[in-house]
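To start, the structure itself, in structure tokens.
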Amino acid sequence: MLERTACGKIILFGEHAVVYGRPALAAPLSQIRARARVAARATKGVLIRALDLQREFEADAATDEPLAALARLTLAKLNASANLVLEIESAIPPASGLGSGAAVATAAARALAAYFGTEFTPAETAALVYETEKLYHGTPSGIDNTVIAYEQALCFTRKTPPQPNMIAPFRLARPFTLIIADTGVASPTKLAVGAVRRGWLENPARYEALFDEIAVLVAQAQDALARGEIDKVGALMTRNQRALEQLDVSSREIETLLKAGLRAGAWGGKLSGGGRGGNVIFAVAPRDAAQIERALWDAGARRVQTTEVTRDRPNF
Ligand code: MEV
């Protein structure tokens, strides 16, 4: 069977505000991936097998399944029709802020293209997956599908069509160590994004001011990253977290892990992605990583991983 993969992602700074046109910084999570495999079958049409969910459905019949939509859109773009099985498997926990929906869709688009002997550019993949992100998220900014399709750390700013979104790799003086701790609370991005939207509609001035505050933190973080001042990056993460709390997308479990990580010596931390559950990220000194990891397990984290944010674009 032919296989293609796609990475997970983290948002370093700027989630939620990015939906409202402010810049945000995101990085790929290359070591946890979604996989898609394609093989021919005798029966007509595309059968999608979501192995983790133990579900299967026909792409033509499942009108409200994002992956079915993705398969139909991808085949239309390829100008192809075929009798296929598309198998999906993912090591990225769903509804945890790590981009599982976009990663699964990206792997699927890549596998379908490869089956027909071609390859999409990152921009083409991002555009296809954005269509399915709309089904997952309601009003996605486009940051998840973009960072996953490019598999590169980048600064993303949503623009109003016909203007294209702004995508630029951010400067990173040196790689830095990041700990990712899972609260174990599944929290669909769509719900958190919807809650922020309601708050913004009720009180636009307050929300716009918070988004502006986050945009300033994003700019300061870019300076600190470019200078390699990772302790400062950490402190800015904690300030971004305070703004996210005011947007009401934090939670008791997030706060518990945050406190534990900071007490154990992390430079700073914040929720990552939609919030209200999912993962908390920490900028740490490499020598402190082991003790911070232990403290996070002790505080109830369901999964803890240490990774490096780098400049390089890995192979996928
Ligand atoms: C989700 O990873 C990031 C959010 O800002 C939503 C979006 O940008 O579409 C919460």
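The values are calculated or read from the model by the stated rules, or taken from the named source; none is laboratory data. Predicted, not measured: the structure shown is a model, and the values here were computed from it. Reconstructed Cβ throughout: ideal geometry from the backbone, glycine too, with neighbour counts over all protein chains shown. For the accessible areas, the whole protein counts, side chains as well, though only heavy atoms, and no ligand, DNA or RNA atoms are used. Shrake-Rupley method; radii C 1.70, N 1.55, O 1.52, S 1.80 Å.
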query = Do any strands (runs of 3 or more DSSP E) entirely within segment 222-316 hold 2 or more residues that are within 16 Å of the ligand (Cβ to nearest atom) and closer than 14 Å to Ile180 by Cα, and if so, which?
reply = 268-272, 279-284
inquiry  = Suppose we keep only residues that are closer than 29 Å to Pro286 by Cα and not hydrophobic (A, V, I, L, M, F, W, C) within segment 170-192. Which one would you say is farthest from the ligand (Cβ to nearest atom)?
reply    = Arg174
query = Within the set of pairs 6+ apart or on separate chains, which have a first residue in segment 140-152 that is closer than 15 Å to Ser100 by Cβ, a second that is near the ligand (Cβ under 9 Å from one of its atoms) and acidic (Asp, Glu), and C-beta atoms under 9 Å apart?
reply = Pro140/Glu133; Ile143/Glu15; Asp144/Glu133; Asn145/Glu133
inquiry  = Of everything in segment 1-21, what is surrounded by fewer than 24 Cβ atoms within 10 Å (Cβ to Cβ) and not in a strand (DSSP E or B)? Give them in sequence order.
reply    = Met1, Val19, Tyr20, Gly21
task = Note down all Cβ pairs under 7 Å where the first residue falls in segment 182-202 and is acidic (Asp, Glu), the second is open to solvent by 60 Å² or more (accessible area, probe 1.4 Å), and they're at least six residues apart or on different chains.
result = Asp182/Arg302; Asp182/Arg303
Test set (1) within 16 Å of the ligand (Cβ to nearest atom); (2) within 21 Å of Ala173 (Cα to Cα); (3) of a type outside the set (A, V, I, L, M) - Phe211 fails condition number = (2)
Checklist (1) without any contact (Cβ under 8 Å) to a residue 24 or more places away in the chain; (2) surrounded by 24 or more Cβ atoms within 10 Å (Cβ to Cβ) applied to Val280, failing item = (1)
query = What is the residue count in segment 175-233 for residues that are open to solvent by 60 Å² or more (accessible area, probe 1.4 Å) and of a type in the set (Val, Ile, Thr)?
reply = 1
key: Matching residues in segment 51-64 - criterion: being over 15 Å from Leu112 (Cβ atoms) and touching a residue at least 24 places away in the same chain (Cβ under 8 Å)   = Leu51, Asp52, Asp64
query = How do the pairs read when you match residues in segment 94-105 that are in the same structural domain as Thr132 (by TED's automatic domain parsing) and free of Cβ contacts under 8 Å to residues at least 24 places away in the same chain with residues anywhere that are more than 11 Å from the ligand (Cβ to nearest atom) and of a type outside the set (Gly, Ala, Ser), using Cβ under 8 Å and keeping only pairs 6 or more apart or on different chains?
reply = none
task = May I ask you to list the residues in segment 136-166 that are buried (at least 16 other Cβ atoms within 10 Å of the Cβ), part of a loop (DSSP other than H, G, I, E, B) and more than 10 Å from the ligand (Cβ to nearest atom)?
result = Glu151, Gln152, Ala153, Asn165
